[in-house]
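Peer 1: I'd like to ask you about the structure that follows.
The values are calculated or read from the model by the stated rules, or taken from the named source; none is laboratory data. Values in this document were obtained by computation on a predicted structure and should not be read as measured data. Here the Cβ is made from the backbone with ideal geometry for all residues, glycine too, and neighbour counts use every protein chain on show.
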Amino acid sequence: MTTTTLEPIIREQPFFSGFEDKYLKLIVSCAKNVRFDEGDLVFREGDPANQFYLIREGMVAVHVMASQKGLVTVQTVGQGDILGWSWLFPPYRWHFDARTVRPTRALAFDGKCLRTKCEQDHGLGYEFLKRFTRIVVERLEATRLQLLDVYGAHS
Amino acid sequence: MAPTLEISEPKAAADPMLPVPCRIRRVRNETADTFTWELQPADGPARFAFQPGQFNMLYVFGVGEVPISISGDPADTQSFRHTTRAVGVVTRAMRQLRAGDVLGVRGPFGSAWPIEAAAGRDVVIVAGGIGLAPLRPALCRLLAQRRRYGRIVLLYGARTPQDILFPHELERWRGKFDLEVQVTVDRSADTWRGNVGVVTTLIPCAPFEPANAVALVCGPEVMMRYTVRELQRRGIAADRIHVSMERNMKCAIGFCGHCQYGPAFICKDGPIFPFDRVESIFGKAEV
Ligand SMILES: Cc1cc2nc3c(=O)[nH]c(=O)nc-3n(C[C@H](O)[C@H](O)[C@H](O)COP(=O)(O)OP(=O)(O)OC[C@H]3O[C@@H](n4cnc5c(N)ncnc54)[C@H](O)[C@@H]3O)c2cc1C
Ligand code: FES
């Protein structure tokens, strides 16, 4: 699929609404379609984080290795969700493993390229930071709730 | 609301403080700490009517009395059900009881989910943990009158896959074309293939029209707080979000003041409140 056909898809995603046209064109030029089979590793904790993904279909589980409990799933992301924020924050390494639970189609964005553009144009950088900070805050909130164990017997 | 447990002989239910002896007909273990009872009056058949969302006071002789919501189908008037999680003195004693044992029942008490008022609208049900039990009668009633409503969406969060309540029923509901069911767990091992994350994460993409939706929410208070915030962010007005509140109870008929919640008594004004009525006191530790 060529990048021109990705533009309408990207434009209709709530995550990208509000980006100026010139930025959207730039984002589109850094995007490509990707497919994963069920059980594929999307990224591994500690590896360089040079992409982020917008899930179009399917489901990806975010895992962490807890020594006593083995591999624990802490979050799943599905259609319309953004996967991966480590590309934007030093040291640009994945904080978790991500593996598909079902066959998954996504848009992959070249984070390395976008990072450079963000450095060159802080307007673009600010737009990305606003959006990804919100994702990180939502994640933090969700993690707090999970830690509170709200459904536990003594909550 | 006046109790309507109608015993044929003798007519003992007239006094709302007097428990009616009821026999456990069946016990079903739902999860490691949660069980469902099917109950009938001990001394003969009776018609039992309740509104979805109401609760009974269950009295374990010699131990104590606790409020427990009715979890059965309101169309079943011959018996009634309670789904209880064993957390303390009385509920643990309840778990020891078996089919054939007798306990005292007063009720039903309290306000109901706004099933009638929701006609013509989308209905979003958000449940957390044991909170699915008080919502089950509401869903049964909605499905019995399916054509009167727009989209019906059930979003349910549990701690782990093993803690999911009514799993077979959820499977059946999920199989229906006119009901959207989404389940998520807080954490899971590798074998679970569904959603992981708190129930609030299901709200942004759930298929309903906020301007025309009614939300019914039941679960731990902290979960309801974040849920309400997310529903409001989607655009559901506070007076169309209904929450079910819990406080310790004694009389259940508005006499003793044990269940006071700000200016309201949960036993008679609640347990179900439109959120705009409790918004100013919701989530405050001292209330
Ligand atoms: C209107 C209403 C409807 C209810 N419906 C249901 C229902 O359908 N199913 C059900 O299982 N429960 C329900 N409850 C909660 C139930 O009444 C309490 O769990 C019960 O009163 C606890 O009594 P206990 O003697 O077993 O525990 P206690 O000995 O009084 O408490 C022991 C410990 O359990 C904790 N605890 C007490 N209540 C709860 C609670 N609700 N959740 C978590 N921990 C708690 C206490 O903090 C304490 O640490 C309802 C409550 C109300 C007010
Ligand atoms: S329990 Fe007595 S007033 Fe509510």
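Peer 1: With out of contact with any Asp or Glu (no Cβ under 9 Å at 6 or more places or on another chain) and at the interface with chain B (Cβ under 9 Å from one of its Cβ atoms) as the only criterion, which of A:GLU141, A:GLU119 stands out?
Peer 2: Criteria check complete, one pass: A:GLU141.
Peer 1: Surrounded by 22 or more Cβ atoms within 10 Å (Cβ to Cβ), in contact with a Lys or Arg (Cβ under 7 Å, 6 or more places away or on another chain), assigned to a strand (DSSP E or B) and on the phi < 0 side of the Ramachandran plot: does that describe B:VAL181?
Peer 2: no
Peer 1: Can we say A:VAL72 is surrounded by 14 or more Cβ atoms within 10 Å (Cβ to Cβ), β-branched (Val, Ile, Thr), facing chain B (nearest Cβ under 10 Å) and under 22 Å from A:GLY18 (Cβ atoms)?
Peer 2: The answer is no for A:VAL72.
Peer 1: Turning to a different aspect of this structure: Against the condition away from every other protein chain (no Cβ under 14 Å), aliphatic (A, V, I, L, M) and surrounded by fewer than 16 Cβ atoms within 10 Å (Cβ to Cβ), how does B:ALA75 come out, does it pass?
Peer 2: Details: away from every other protein chain (no Cβ under 14 Å): yes; aliphatic (A, V, I, L, M): yes; surrounded by fewer than 16 Cβ atoms within 10 Å (Cβ to Cβ): yes.
Judged against the criteria, B:ALA75 is a match.
Peer 1: Can you confirm whether B:VAL243 is away from ligand 1 (no atom under 13 Å from the Cβ), of a type in the set (Val, Ile, Thr) and not in a loop (DSSP other than H, G, I, E, B)? Even if it seems obvious, please write down each step before you answer.
Peer 2: Details: away from ligand 1 (no atom under 13 Å from the Cβ): no; of a type in the set (Val, Ile, Thr): yes; not in a loop (DSSP other than H, G, I, E, B): yes.
When the stated conditions are applied, B:VAL243 does not pass them.
Peer 1: Here's a follow-up. Can you name every residue in segment B:256-267 that is without any contact (Cβ under 8 Å) to a residue 12 or more places away in the chain and either in a helix (DSSP H, G or I) or away from ligand 1 (no atom under 16 Å from the Cβ) (or both)?
Peer 2: The one that is without any contact (Cβ under 8 Å) to a residue 12 or more places away in the chain and either in a helix (DSSP H, G or I) or away from ligand 1 (no atom under 16 Å from the Cβ) (or both): B:PRO263.
Peer 1: Here's a follow-up. If I ask for residues that are more than 14 Å from chain A (Cβ to nearest Cβ) and part of a helix (DSSP H, G or I), which ones from segment B:211-230 would you list?
Peer 2: If the condition is that a residue be more than 14 Å from chain A (Cβ to nearest Cβ) and part of a helix (DSSP H, G or I), then B:ALA211, B:ASN212 are the ones that fit.
Peer 1: Turning to a different aspect of this structure: Can you work out which of the residues in segment B:152-202 that are in contact (Cβ under 8 Å) with a residue 60 or more places away in the chain and not hydrophobic (A, V, I, L, M, F, W, C) is nearest to A:LEU83 (Cα to Cα)?
Peer 2: B:GLY157
Peer 1: What number goes with the only condition from (1) assigned to a loop (DSSP other than H, G, I, E, B); (2) away from ligand 1 (no atom under 16 Å from the Cβ) that B:ARG233 does not pass?
Peer 2: (1)
Peer 1: Are any of the residues in segment B:255-265 more than 16 Å from ligand 2 (Cβ to nearest atom) and either away from every other protein chain (no Cβ under 11 Å) or aromatic (Phe, Trp, Tyr) (or both)? First the steps, then the outcome.
Peer 2: At the first step, the residues of segment B:255-265 found to be more than 16 Å from ligand 2 (Cβ to nearest atom) are none.
No, segment B:255-265 has no match at all.
Peer 1: In addition: Would you confirm, using the coordinates I've provided, whether B:GLU221 is within 14 Å of ligand 1 (Cβ to nearest atom), in the same structural domain as B:PHE208 (by TED's automatic domain parsing) and touching an Asp or Glu at 6+ places or on another chain (Cβ under 9 Å)?
Peer 2: Yes; evaluated as a whole, the condition is true for this residue.
Peer 1: While we're on this one: Filter segment B:59-72 down to residues that are within 12 Å of ligand 1 (Cβ to nearest atom) and over 14 Å from B:ALA133 (Cβ atoms) and give me whichever is surrounded by the most Cβ atoms within 10 Å (Cβ to Cβ).
Peer 2: If we take residues in segment B:59-72 being within 12 Å of ligand 1 (Cβ to nearest atom) and over 14 Å from B:ALA133 (Cβ atoms), then B:GLU65 is surrounded by the most Cβ atoms within 10 Å (Cβ to Cβ).
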